[in-house]
Each structure stands twice: as structure tokens, then as C-alpha cells.
Amino acid sequence: MPEPSTAQTLETAPKYKRVLLKISGEALMGDQGFGLHPPTVERIAREVQKVTDMGVEVCMVIGGGNIFRGLQGSAQGMERTTADYMGMLATVMNALAMQGALEALKIHTRVISAIPMDQVCEPYIRRRAVRHLEKGRVCIFAAGTGNPYFTTDTAATLRANEMQCQAIFKGTQVQGVYDSDPKKNPDAVFFPKISYDEVLQKNLKVMDASAIALARENRLPIIVFSLDEPNGMAGVVQGAGTFTVVSNEASGKQ
């Protein structure tokens, strides 16, 4: 099916004051099969810069799947708790890489870890993190929730609620939520809006079930958009472009 139009104008005032951007670790590896791709990290940093230049307060959670994924380690025989902690450390590495890219653009950034490691980043203290955001600094929350058995999706929803964000922005490789993978199925149906319950019932893999349930409980919208689109995040912040809003409002499609 043809992709929806992504025409945007960037002169509109932002519709959000504070948002959390959730991206996967795989988003940082570009066309590589593993690790970090510095030009890709820089490109994402520039997308964040466009949003902060609009006066929007931004915090981030980045997965660690480009380096190590706890579930995969567990599936290969590693003890689950140990594997999950290794995955948390991978998110710290990604957060530091993103911090470097943002600070190269003169954006003040703080990496805040749920696992204390004072030599490289700050420990998570909610009030301090809120103050950083109020001062216009980008906060990158690393090491998940600090607990095994919880994904970075859940960590993102938890931190977004704690920071009183107005929405979670889920950056992906497609322009929103479809009923199947649009890269494999040309007839995939696009949902401009969909409810939390529909996401769970249809098993659409927007975020894991715990994260969706936590967002639903706190009425926190999840906005799914393409991180590969130039000015994609800036456009969505202004309500322009193509994206899916996950909220209490149903899609109307069966």
C-alpha cells in the first residue's frame, strides 16, 4: 500500500511542553547488524535538537538491543537476572553515546541511571531530574527501572509518568501502528488512532503489555511515528505529519 503523506510545516507552535522519546537500541545501529553507528546517532540527536529549539522539554529512554538483550541471553542459557542487568548496562552505553552527540550540538544533557555509577552519570533522583528538564536540559534515563524482568518500554512509561510528560513519543521505522508489518504486507492497514485495549487485544507490539497497562492507567498517550522521516519528531510535536495516537479513544475499525 502507498505510504501516507508526510508533508509537514514547522512554523506551528508545539502542542506539547514536555515529552519522553522512546527509541530502541537497534535504532542507533543504522544499517549495521550490531553496535553503534555514529552518523545515525548524530541524525537522531539533530531531530531532538529541532524539538528542543522549539522550547519543548525532552527526556529520553533508549533500549540496549543493539549491544545486548537480556531475554536473548536468558534464552541461550544465561541466568535471567544476570542477563537483564547486562542489558541495563548496554542502555547506559547507548545513553552516553547519545549524550555525546547532543552535547556536540551544544545541547545540555544529563544521563541519569537507575543503577548508581557516579563516575559516568547521575543517579536517578526524581526532583533533580525534573529540575534539569525545567532548565532546558535533555535527560536520558538509563538502566531501565534498575530491576530485572522489566523492559525499557516499562521504564519509559514509568519515567514519563514521574516526569509528568504529556506524551510518550515512540520512534520506530514505520509511520505509525499497522495491523501487520507494512514492510512485509503491502495491504497492511494503518491506524491513525487506536485504544490501549485494542493494542493489547490485537497484539500489535507497540510496547509491551506492562507499559501499555501503565500508560492506560495514567491516561498517558503514546504517539508512534517514524524516526527515519526528516523533521519527523518536530512535525509530530506540532500535530503535523503521519503518526498514530494510542489513547483511550478506539480506532473505529474492526
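Worth pointing out:
- All helices (runs of 4 or more DSSP H) inside the stretch 151-254 with 2 or more residues being more than 16 Å from the chain's Cα centre (by Cα): 196-201, 209-217
- Tallying residues that are touching a Gly at 6+ places or on another chain (Cβ under 9 Å), small (G, A, S) and modelled with pLDDT of 90 or more within the stretch 1-44 yields 3.
- Some residue of the stretch 84-103 being more than 20 Å from A156 (Cβ to Cβ), modelled with pLDDT under 95, surrounded by fewer than 15 Cβ atoms within 10 Å (Cβ to Cβ) and not aromatic (F, W, Y): no
- Some residue of the stretch 211-219 being over 15 Å from V246 (Cβ atoms) and not charged (D, E, K, R): no
- Qualifying residue in the stretch 60-81 (condition: over 16 Å from T154 (Cβ atoms) and aromatic (F, W, Y)): yes
- Pairs are defined by a Cβ separation below 9 Å, a sequence spacing of at least 6 or placement on different chains, a first member in the stretch 193-219 that is at positive phi, and a second member that is among the hydroxyl-bearing types (S, T, Y); the pairs so defined are R219/S247.
- Across the stretch 151-175, the qualifying residues are those that are at pLDDT below 95 and farther than 19 Å from G64 by Cα, and the one among them that is surrounded by the fewest Cβ atoms within 10 Å (Cβ to Cβ) is V174.
- All told, Y124 meets the bar of being over 15 Å from the mean Cα position of the chain (by Cα), under 28 Å from A213 (Cβ atoms) and either among the aliphatic types (A, V, I, L, M) or surrounded by 16 or more Cβ atoms within 10 Å (Cβ to Cβ) (or both).
- Selection count where residues are surrounded by fewer than 22 Cβ atoms within 10 Å (Cβ to Cβ), in contact with a His (Cβ under 6 Å, 6 or more places away or on another chain) and in contact (Cβ under 8 Å) with a residue 40 or more places away in the chain, scope the stretch 127-145: 0
The values are calculated or read from the model by the stated rules, or taken from the named source; none is laboratory data. Here the structure is a predicted model, which means the values were calculated and not measured. For neighbour counting, all protein chains shown are included, and Cβ atoms are generated from backbone atoms with ideal geometry for every residue, glycine included.
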